[in-house]
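Data block below; observations after.
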Amino acid sequence: VTGPGAIVVVGAGVAGVIACDQLRVLGYQGRLTLLGAEDALPYERPPLSKDFLQGRVGTPGIALRAAGWYAEQRVELRLGTVAERVVPNEGRVLVSAGPAEPADAVLLATGGRPRRLGVPGGDHPAVTVLRTVADAEALRARLLPGVRVGVVGGGLIGAEVAATAVGLGCAVTLVETSGRPLERVLGRWLADHMHRAHGRHGVRVVRAAVSEVGPDGEGVRLHLTNGQAVACDVVVVGVGIEPSLELATGAGLAVDGGVLVDAGHRSSHPRLFAAGDVARRQGPDGPLPRVEHWDGAVAGGRAAAAGMLGLAPPPPRAPWFWSDRYGVRLEVVGELTGPGRTVLRGDPGSGSFLLLAVRDGRCVGAAAVDRPGEMTAVRRLVDAGVQVGANTLADEAVDLRALARAARRPA
Ligand code: ADP
């Protein structure tokens with residue numbers, strides 16, 4: 001494989017590391033540099049709100065690759081190094097410390113930053129966010145039995161932190177503006193189902209936003225829009241992220257809530273690529289929604305590696321993510337809302353079931369609640385666009401794995 005003489009990957013999260021891995025898999029022999037702003041060996045983020053926060057796994061258990069892997073793969077890993085400017089026409093990346101990196105191609109895998117509360121007092125040190133391993137270590141040290149924890153936002157991060165904290169014996173209050181977080185993704189019924197679990201497990205749920213944060217001893221008092229106030233020793237804000245777009249805009253790239261990229265993750269500049277939280281793929285009818293999930297970053301890293309080498313990217317798969325709360329895993333693939341109908345497979349009363357979305361005789365999305373065994377098959381059905389009726393999907397006598405295997409056989 002030919003390709004650029006030097007590639008710089010900016011951002012050492014999962015998209016960046018997977019891209020490096022895949023470049024070597026695809027036979028790229030040139031210089032390869034991975035820049036990471038954090039000091040920690042590149043790590044997986046999903047455990048930070050789950051097993052890592054519970055103390056069940058430590059930093060070695062979340063490393064994306066073993067420490068020796070980078071040298072073996074001839075990946076020049078520069079940690080604690082911030083890329084400050086990308087000058088594609090000169091083939092250079094300027095960094096915070098040390099010499100500029102030569103770059104024939106650059107992958108922007110810069111991720112995002114947690115959104116802040118943006119209310120008076122919201123910058124109090126007891127008001128924290130959870131994005132990095134340093135954030136998670138600091139939070140873990142504070143989640144002791146009896147500690148009053150305020151969680152703001154009941155989306156993916158907030159729900160997992162609330163579940164973990166209450167499991168560690170903390171007194172948790174979850175403040176969420178919506179009565180049904182994740183409704184746009186899960187639909188009304190499933191969003192309700194998932195949100196109700198908090199109350200059952202002893203989390204106090206308050207429907208409101210935070211209007212102000214006041215000091216209260218070592219901790220804070222959250223003043224809410226419904227007039228209530230909640231005293232907290234520590235607050236975790238999980239109200240989404242903002243993609244880190246500075247390098248992209250500085251390089252003059254086309255940006256629309258994310259770096260616009262094609263199927264090979266090439267941006268509007270032929271030498272610049274983007275993947276992960278920062279990237280936004282073009283679809284047939286305009287830009288697709290930006291994907292913030294782990295699996296999207298893996299797929300983006302792979303596609304970008306192919307794109308940088310001028311190879312065809314693997315066909316895109318339907319978005320997929322998971323979330324763990326109260327010992328229950330939620331997995332979602334494809335689109336659950338939108339036109340069509342949904343069917344249940346299994347009894348929600350049992351706590352273990354699938355919800356499947358059917359449109360025009362095809363399964364276009366599904367959610368599995370505490371039912372992991374069928375998800376691989378369902379993802380295949382969704383990706384292959386297999387013709388399958390709602391009644392067939394609902395019938396537990398039908399083996400979805402067999403259906404998926406049949407779908408893979410050439411006709
Ligand atoms: P994250 O990845 O950080 O969990 P999500 O987008 O999944 O982000 O969820 C964010 C949640 O935060 C949404 O359910 C939204 O309704 C809620 N939210 C946003 N702003 C506020 C706010 N100021 N106060 C309380 N909840 C908020």
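Structure notes:
- Residues of the stretch 305-341 that are closer than 25 Å to Ile7 by Cβ and open to solvent by less than 50 Å² (accessible area, probe 1.4 Å): Ala305, Ala306, Gly307, Met308, Leu309, Pro313.
- Checked against the criterion of being within 14 Å of the ligand (Cβ to nearest atom), at pLDDT 95 or above, under 25 Å from Glu331 (Cα atoms) and in contact with a Leu (Cβ under 9 Å, 6 or more places away or on another chain), the stretch 137-151 contains one or more residues that satisfy it.
- Residue within the stretch 274-284 that is free of Cβ contacts under 8 Å to residues at least 24 places away in the same chain, more than 30 Å from Ala159 (Cβ to Cβ), open to solvent by 40 Å² or more (accessible area, probe 1.4 Å) and not in a helix (DSSP H, G or I) present: yes
- Matching residues in the stretch 202-245 - criterion: being surrounded by 15 or more Cβ atoms within 10 Å (Cβ to Cβ), outside any strand (DSSP E or B) and away from the ligand (no atom under 16 Å from the Cβ): Asp233, Leu245
- Exclusive hit being under 30 Å from Thr337 (Cα atoms), touching a residue at least 60 places away in the same chain (Cβ under 8 Å) and not hydrophobic (A, V, I, L, M, F, W, C), set Gly214, Gly179, Gly187: Gly187
- Among residues of the stretch 41-57, those that are open to solvent by 30 Å² or more (accessible area, probe 1.4 Å), in contact with a strand residue (DSSP E or B) (Cβ under 9 Å, 6 or more places away or on another chain) and not in a helix (DSSP H, G or I), counted: 2
- Scanning the stretch 152-168 for residues that are within 14 Å of the ligand (Cβ to nearest atom) and either under 17 Å from Ile62 (Cβ atoms) or part of a loop (DSSP other than H, G, I, E, B) (or both) gives Gly153, Gly154, Gly155, Ile157, Glu160, Val161, Thr164.
- The set of residues from the stretch 73-91 being more than 29 Å from the chain's Cα centre (by Cα) and either basic (Lys, Arg) or open to solvent by 50 Å² or more (accessible area, probe 1.4 Å) (or both) comprises Asn89, Glu90.
- Condition met for His198 (touching a residue at least 12 places away in the same chain (Cβ under 8 Å), open to solvent by 10 Å² or more (accessible area, probe 1.4 Å) and not polar (S, T, N, Q)): no
- Options Arg271, Arg302, Arg290, Arg266; residue that is open to solvent by 20 Å² or more (accessible area, probe 1.4 Å), more than 16 Å from the ligand (Cβ to nearest atom) and either under 17 Å from the mean Cα position of the chain (by Cα) or on the phi > 0 side of the Ramachandran plot (or both): Arg302
- In the stretch 169-194, the residues that are open to solvent by 50 Å² or more (accessible area, probe 1.4 Å), out of contact with any His (no Cβ under 7 Å at 6 or more places or on another chain) and either within 11 Å of the ligand (Cβ to nearest atom) or part of a loop (DSSP other than H, G, I, E, B) (or both): Thr177, Glu183, Arg184, Val185
- The set of residues from the stretch 246-259 being out of contact with any Asp or Glu (no Cβ under 9 Å at 6 or more places or on another chain) and either assigned to a loop (DSSP other than H, G, I, E, B) or within 15 Å of the ligand (Cβ to nearest atom) (or both) comprises Ala251, Gly252, Leu253, Ala254, Asp256, Gly257.
- The single residue among Val119, Val106 that is within 9 Å of the ligand (Cβ to nearest atom) and either open to solvent by less than 50 Å² (accessible area, probe 1.4 Å) or in contact with a Gly (Cβ under 6 Å, 6 or more places away or on another chain) (or both) turns out to be Val119.
- Condition broken by Leu34, with the remaining ones in (1) part of a loop (DSSP other than H, G, I, E, B); (2) over 24 Å from Ser323 (Cα atoms) satisfied: (1)
The values are calculated or read from the model by the stated rules, or taken from the named source; none is laboratory data. Nothing here was measured: the structure is a model prediction, and the numbers come from that model. A quick note on method: Cβ atoms are made from the backbone with ideal geometry, for glycine too, and the neighbour counts reach across all protein chains shown. Heavy atoms of the whole protein, side chains included, go into the accessibility calculation; ligands, DNA and RNA do not. Shrake-Rupley method; radii C 1.70, N 1.55, O 1.52, S 1.80 Å.
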